[in-house]
Every structure is written in C-alpha cells, then in structure tokens.
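To keep things clear, I will list the structure first and then write my remarks on it.
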Amino acid sequence: MIFTALIIDDIENSRISLAHDLKTYCPQVHVIGQADGVKTGVTAIREKKPDVVFLDIEMGDGTGFDVLEQVRDVRFQVIFTTGLDSYGIKAIKFSALDYLLKPVDPDELVNAVAKLEANAKAEHASHGVELLLQNLKNNLKPTEKRIALHSADKVHLVFVSDIVRCESQGAYTLFHLQHGRQVLATKNLREFEILLDDHGFIRVHHSHLINFAHMKEYVKKDGGYAVMSDGSQIPVSTRKRSDLLNLIGD
C-alpha cells in the first residue's frame, strides 16, 4: 500500500532528515510536502490532503496539537515526532496514536510505518485525534477521561473510571470493565501500568493491575487479597502488600 505523507516541523534539518529516511527505509511512503509551523501546516494539510502527517509537537508558532485542533476534520493518520520524551507523550499513548523520538531511529520509523496499513481506516485516525484533543483539555474531569484500547479488530474508547481491573494475558491485557464488559487489548500489562500510573491504579500482583477506586475490601487472610466492585478477589503479592496498605492508610 502506498501512502502520501506531509512532514510538519519547524526545524529544516529535521524535515530533510526524515524525508531522506522515509525514502531510504520506507519507499511505500511518498513525501508530497513539508511545512514549518502550525499556520503553514494547516494550509498544507488542506491543500495536499495527505494519507499521513508526521507532526512535530513543539514548534515556534504553537504545537502539533494546535494543528489538529484547527484542522478538526481529520482524514489522515498521525505520527508525532518530538525531541522531548515527556511532553504530551502520555496523552498520545492514551489515544493509541504513534510517536517517534528525534533523532528518529530507522527501525522505529519502519515499525511506525508498518502500523499505517493496519490502521488505514480513516475513522480510527479520527477517533484517536478526537480523544487526544479531549484529554488535553485542562478542564477535563478525571471521570471524563477516556483511553483508547486496541483489540484485534477494533479500537475501544473506554472511560478510565469504568476500568475495574486489568489482567495479564501474556503479550495482551484483559480489561475488566463495569457491568461485566471485557476488552482484550493488544499490549502487555506493564505498558498499561505505566500509562495508568497517575490515575489511581496499582499493580498488586505480577498478573493484576487494579483501579483503587473500585476496591471494596482488603482481606488479610489467605495471603491477602483485594475484593473489587465486580466481586472478584485479586491476590496481593507479599512485595506489593505494603504499597496497598499505605494507600488504605493502615
């Protein structure tokens, strides 16, 4: 599958380098234009109508998020590029969008491009961008924040507050949601542990990550286990017991 691409970055050498790497390592991606900021980027997107946009996060006249906010009707996939390893990255991951750290590693570039074909449906890109912009809003309440979970055949947009617990399934993670719903996400538990770290989730066992807001009881007998709002009893490892008791206030 052939993709047309637009590179938006305020550093000329970064644009030149990325265009060269795409031509060398990803011949299925044809660069049809470049832009050096928010204003020129928005204009280029509207004129060129690319399949994918390689979008810098921090630019002289704003951010890559500003570009998406102004375009609104997203009919393309987005791969963020950034020299920063923290700003906006968690929001991007929450939205199941891809990013590359600069200087771009060729292997990571090839992997990112390989995902384009799997995610080629425009509605997937649109949902991810909408979720990203929503989660970036400063006035967003914790109960309104959502996470995008990729399963084998679709992307599920799930309220974080609806997640009761997460269970390791090898390279996958089974999400147990309120009202008995389940989603098998195609990432391992460690990745979600990092992503949900500041949202009240705690790893209580090598196979279990729980939402503390859904914990109803901690039972000390039988080695110790947490009783969750869905009635499940989740074992707490000896190593994690003190962390959980600190949260409880014991």
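Do you know which residues across the stretch 177-210 are among the polar types (S, T, N, Q) and open to solvent by 40 Å² or more (accessible area, probe 1.4 Å)?
Q178, Q182, T186, N188 - these are the residues of the stretch 177-210 that are among the polar types (S, T, N, Q) and open to solvent by 40 Å² or more (accessible area, probe 1.4 Å).
Just checking, how many residues over the stretch 1-47 are open to solvent by 20 Å² or more (accessible area, probe 1.4 Å), outside any strand (DSSP E or B) and within 18 Å of E58 (Cβ to Cβ)?
10
Just need a number here: residues in the stretch 156-170 that are open to solvent by 60 Å² or more (accessible area, probe 1.4 Å) and more than 17 Å from the chain's Cα centre (by Cα).
Within the stretch 156-170, residues that are open to solvent by 60 Å² or more (accessible area, probe 1.4 Å) and more than 17 Å from the chain's Cα centre (by Cα) number 1.
Could you check D198 against (1) at pLDDT below 95; (2) more than 24 Å from the chain's Cα centre (by Cα); (3) not β-branched (V, I, T) and say which number it fails?
(2)
Scan the stretch 179-195 for residues that are closer than 21 Å to Q233 by Cα and in a loop (DSSP other than H, G, I, E, B) and jot them down.
R181
With under 16 Å from H127 (Cα atoms) and crowded, with 22+ Cβ neighbours inside 10 Å as the only criterion, which of V52, V71 stands out?
So the residue among V52, V71 that is under 16 Å from H127 (Cα atoms) and crowded, with 22+ Cβ neighbours inside 10 Å is V52.
In the stretch 146-172, how many residues are assigned to a strand (DSSP E or B), in contact (Cβ under 8 Å) with a residue 24 or more places away in the chain and of a type in the set (S, T, Y)?
Residues flagged as assigned to a strand (DSSP E or B), in contact (Cβ under 8 Å) with a residue 24 or more places away in the chain and of a type in the set (S, T, Y) within the stretch 146-172 amount to 1.
Report, by residue number, each residue of the stretch 230-247 that is surrounded by 13 or more Cβ atoms within 10 Å (Cβ to Cβ), closer than 15 Å to A213 by Cα and polar (S, T, N, Q).
S232
List the residue pairs whose Cβ atoms are under 7 Å apart, where the first residue sits in the stretch 17-36 and is under 18 Å from A120 (Cβ atoms), the second is part of a helix (DSSP H, G or I) and open to solvent by 90 Å² or more (accessible area, probe 1.4 Å), and the two are 6 or more positions apart or on different chains.
Every condition considered, the pairs that remain are I32/K48.
In the stretch 92-117, how many residues are among the aromatic types (F, W, Y) and open to solvent by 50 Å² or more (accessible area, probe 1.4 Å)?
Of the residues in that region, 1 qualify.
Might you let me know whether the stretch 211-218 holds any residue that is under 25 Å from A91 (Cα atoms) and either surrounded by fewer than 12 Cβ atoms within 10 Å (Cβ to Cβ) or within 19 Å of the chain's Cα centre (by Cα) (or both)?
yes
If you check I89, I79, I57, which single one turns out to be surrounded by fewer than 18 Cβ atoms within 10 Å (Cβ to Cβ) and closer than 17 Å to G128 by Cβ?
Criteria check complete, one pass: I89.
The values are calculated or read from the model by the stated rules, or taken from the named source; none is laboratory data. All of these numbers come straight from a predicted model, not from anything done at the bench. Because the Cβ atoms are built from the backbone with ideal geometry, glycine has one as well, and the counts that use them run over all protein chains shown. In case anyone asks, the SASA skips ligands and DNA or RNA and just uses the protein heavy atoms, side chains included. Shrake-Rupley method; radii C 1.70, N 1.55, O 1.52, S 1.80 Å.
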